[in-house]
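Contents: one structure, followed by commentary.
The values are calculated or read from the model by the stated rules, or taken from the named source; none is laboratory data. It should be emphasised that the depicted structure is a prediction, and the values quoted were computed from it without experimental measurement. Every residue, glycine among them, receives a Cβ derived from its backbone with ideal geometry; neighbour counts consider all protein chains shown.
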Amino acid sequence: MAAPVLQIRDLRVEFRQKKDWREVVHGVSLDVGRGEVLALVGESGSGKSTIAMSIPGLLPRNGRNSGSIQLDGQELIGASPGTLRKIRGRQVAVIFQEPMRALNPVYTIGWQIREMLQAHQELSKEQARERAVELLKLVDIPEPERRVDSYPHQLSGGQRQRAMIAQALALDPQVLIADEPTTALDVTVQGEILELLHDLKGRIDASILLITHDMGVVADLADRIVVLKDGAIVEQGDAHQIFYDPQQPYTQSLLKAVLSLSLEPVAAELPAPEPAETPAFDLDHGVIEYPGGRGRKPFRAIDDVTLRLDAGQVMGLVGESGSGKSTIGRAAVGLLPLASGALRINGLDLVTADAGQLREARRQVAMVFQDAGASVNPRWPIGQAIAEPLQLHTDLDAAARDARVTELLDRVQLSRNLRNRFPHQLSGGQRQRVGIARALALQPSLLIVDEPTSALDVSVQEKVLELFAELQEEFGFACLFITHDLAVVEHVADRIAVLRHGKLVETGTTAEVLMSPQDSYTRRLIAAVPVPDPREQAQRRRQRRELLGEAS
Amino acid sequence: MIRYIGRRLLMALPVLLGTSFLIFAMVYALPGDPIRALAGDQPLPPEVIAQLRAEHNLDDPLLLQYLKYLAQLFQGNLGTDFAGNPVSETIALRLPITARLAIVAIIFEIIFGITAGVLCALYKNSWFDNLVLVSTTMVVSVPVFVLAFLAQWLLGFQLGWFPVAGIANGWFSLILPGLVLAALSMAYVARLTRTSMAETLGADHVRTARSKGISELRVVTRHGLRNALIPVVTFIGADLGAMMGGAIVTESVFNIPGIGRAVFDAVRNQEGPVVVGIVTMMVFFFIFFNLVVDVLYGVLDPRIRYE
């Protein structure tokens, strides 16, 4: 193997907290070869971003590092700020996640790319602009001559990320750091960006340091993988070895925890449930609109959707951002009125119900939010947060409420002595359990769950979903499970409804929709999900190309 | 955009009508007889009083008085005070002085407020940051007249650096009153800039800017300050609108014949048309500068679009 572009030896990174220095990266050594894609993989707190940000010297102000980072033989640790500045952008460029926030909203993308060029090269404004247009062409942004003058908010999420990539490629860097490049994007957009990165891999000379928690993305792009845990390397090797023959127990458990679309037929098809007399949730030609401004047409978020969820069933509501999936969830708890159509919860029509009936209906419905920590009062201990619905809707006295809270904590497998803790003192997984406990306090017959695990690490996600499945079986509530993650849906849902732009695309049992999708959008959605298996992913990539060819 | 501005200006009309009527009614409701007060110890002959009352419509009911005033106003006539001077002349005389004072104050606000705020954000929790925190707290909690007298005594009288009062020395004599007038807003600007700047410097796009290898100065100014200034500019613009209404306390202490003094004197003499004329103008300025700020906001932040 030729000399690596980047050589990291015994890298240690410390952060100052008050007076103490705390080491978070403990002597990491790794090489990045020329033209290679190296993935840094690990859960939050593993130090993967910290390692990457050490390379161009972009640690936060309270951080310091030691050891050695050599870029083409040049030592970067201890280099002067001036030297590092010249390296940034020109030799080491970074693609950040969430391009909406990573690009400056007050400048056009052309301006921002030009700034990068002119920081390192003597270029006239016209030359720089011309080069910016070329770069936008390179990343397949349509109408680059026009788009170069667009502000970030005028572009779609995918185009923004393309612009971000174009900026990073502007000076033909030797090392490209891609920090969660697809995390904030919709599945189909993520697919497109991965496709672009894949394509660029062959066209540019840069080595790519890929930082991600998504094993599907890793399987899609990486040549070699470094697995990190708590600031130290657990295992490294080429992609096939890590995926198919992981040596370390941590790597094995990490891979096992990843939910993937198995797309394998379910062994025994569930017997079709008896159609219950009154469905738990029954949306009949529902239309939901958000009022437009003065003189503008209202925005139709849900357009003539008919959905029926029988008691005790779990339905996955799947779609990309703007599909209306969360709108349906909000309408189900009575937070949004219907413009037309009917919505019946346990047989009660929310449109015609009076205030008393609505109150009773709300008792029957509970909601679990994406970030349970942000959806309960941060100044209340969690015991109080869980008890609140009991206080509002039941006549239980304090002692009885306490007993019930204890019981709920047991049910969601949270230690009883956590009840006096505040939300910020808990981990993400624990907070999500609090959210579930609170939702179950009144034993609802219908639960609306909105992206409950998308903010969690894979191993935590696995446990929370396991708990959810257990509780669902035990309590038998019906559930609308809102998510963008098809793998999660496959694991928890009996039925799936696919939404797009406020319209129902397809609905059916989980097996039907995932195994033999009828609609081309559903097919594309499924094809866009990267699976954590390099060989299968390569095959899916080919299939996806065919599908897209079909669609165009 | 044009339609937006037009709509905003139309919306200003009822506000102007409403405020002018309120002021009119308040002056009407003041106890005492303005004409008798005007005469002082020497009672005027009854026919003179009657003539003055008729001239200023003082015997009509409130609503009629107001309507007559409005009719006059629409002919471009702001009326006269009791001495017979047109109100428009008073405004023309006093407003430039107030405007100059306001400009001096705004310049202080911008220079000291923004600089202090930026430095505080860059060196958070440093001795400078703490100094600014303490001094701004002091300025905010001390009443303006105390500050005015203190500045006058220390910088004007004891040290003799600036004229103590009056406007005999042109712009130079406005420095001290300008500083006093700006003090409170300066403190707010410093705090606002600090918060906004600190937030912006922590934003993801500033990290992106750093990763591009541009100079730190450029990162701080073009990516930090440029974005952080948006709320600050809004505040300063609105403040300018308020300052154009004159500063009664500052103008009194430093003996500056600005619009604030004029309105103060007119209130004391119960000269209805003068008070109403000036206050309506103040309200107009306030609305106008707020509109300018809103339009500017759209220029500074491309995400905002008006329809």
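List of remarks:
- Among the residues making up segment A:75-130, those that are within 11 Å of chain B (Cβ to nearest Cβ), under 23 Å from A:Leu30 (Cα atoms) and either surrounded by fewer than 17 Cβ atoms within 10 Å (Cβ to Cβ) or hydrophobic (A, V, I, L, M, F, W, C) (or both) are A:Thr83, A:Leu84, A:Ile87, A:Val92, A:Ala93, A:Val94, A:Ile95, A:Phe96.
Rundown of residues vs (1) within 15 Å of the chain's Cα centre (by Cα); (2) within 10 Å of chain A (Cβ to nearest Cβ), yes/no style:
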residue	(1), (2)
B:Leu192	no, no
B:Phe254	no, no
B:Asn290	yes, no
B:Val293	yes, no
B:Pro302	no, yes
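- Every test in (1) facing chain B (nearest Cβ under 9 Å); (2) surrounded by fewer than 17 Cβ atoms within 10 Å (Cβ to Cβ) is passed by A:Asp72 save one, and that test is (1).
- Whichever residue in segment A:352-380 is in a loop (DSSP other than H, G, I, E, B) and exposed (fewer than 14 other Cβ atoms within 10 Å of the Cβ) and, among such residues, is modelled with the highest pLDDT: A:Arg379
- Taken together, the residues in segment A:381-404 that are part of a helix (DSSP H, G or I) and touching a residue at least 24 places away in the same chain (Cβ under 8 Å) amount to 10.
- Only listed residue being within 14 Å of chain A (Cβ to nearest Cβ) and assigned to a loop (DSSP other than H, G, I, E, B), chosen from B:Gly213, B:Gly166: B:Gly213
- Test: B:Val274 is more than 14 Å from chain A (Cβ to nearest Cβ), crowded, with 22+ Cβ neighbours inside 10 Å and assigned to a helix (DSSP H, G or I): yes
- Test: residue in segment B:235-244 that is within 13 Å of another protein chain (Cβ to nearest Cβ) and either buried (at least 18 other Cβ atoms within 10 Å of the Cβ) or touching a helix residue (DSSP H, G or I) at 6+ places or on another chain (Cβ under 7 Å) (or both): no
- Residues of segment A:139-158 satisfying the condition of being within 14 Å of another protein chain (Cβ to nearest Cβ), at pLDDT below 90 and assigned to a loop (DSSP other than H, G, I, E, B): A:Leu155
- Considering segment A:2-121, the qualifying helices (runs of 4 or more DSSP H), each wholly inside and each with 1 or more residues that are touching a Leu at 6+ places or on another chain (Cβ under 9 Å) and over 18 Å from A:Leu171 (Cα atoms), run over A:48-54, A:99-102.
- Matching residues in segment B:67-102 - criterion: being under 21 Å from B:Phe254 (Cβ atoms) and surrounded by 16 or more Cβ atoms within 10 Å (Cβ to Cβ): B:Thr90, B:Ile91, B:Arg94, B:Leu95, B:Ile97, B:Thr98, B:Ala99, B:Arg100, B:Leu101, B:Ala102
- Test for B:Val206: is it in contact with a helix residue (DSSP H, G or I) (Cβ under 6 Å, 6 or more places away or on another chain), away from chain A (no Cβ under 14 Å) and outside any loop (DSSP other than H, G, I, E, B): no
- The condition of being without any contact (Cβ under 8 Å) to a residue 12 or more places away in the chain and more than 24 Å from B:Ile304 (Cβ to Cβ) holds for only one of B:Gly213, B:Gly202, B:Gly277, B:Gly178, that being B:Gly213.
- Of all residues in segment B:216-228, those satisfying the criterion of being more than 7 Å from chain A (Cβ to nearest Cβ) and buried (at least 22 other Cβ atoms within 10 Å of the Cβ) are B:Gly224, B:Ala228.
- If only residues of segment A:284-309 that are more than 12 Å from A:Leu480 (Cβ to Cβ), touching a Pro at 6+ places or on another chain (Cβ under 9 Å) and away from chain B (no Cβ under 14 Å) are counted, the one that is surrounded by the fewest Cβ atoms within 10 Å (Cβ to Cβ) is A:Pro291.
- Taking every residue in segment B:57-72 that is closer than 14 Å to B:Ser20 by Cα and pairing it with any residue that is at pLDDT 80 or above and of a type in the set (Ser, Thr, Tyr), at least 6 positions away or on another chain, the pairs with Cβ-Cβ distances below 9 Å are B:Tyr66/B:Ser20; B:Tyr69/B:Ser20; B:Leu70/B:Ser20.
- Condition met for A:Asp220 (buried (at least 21 other Cβ atoms within 10 Å of the Cβ), over 24 Å from A:Ser54 (Cβ atoms) and not hydrophobic (A, V, I, L, M, F, W, C)): yes
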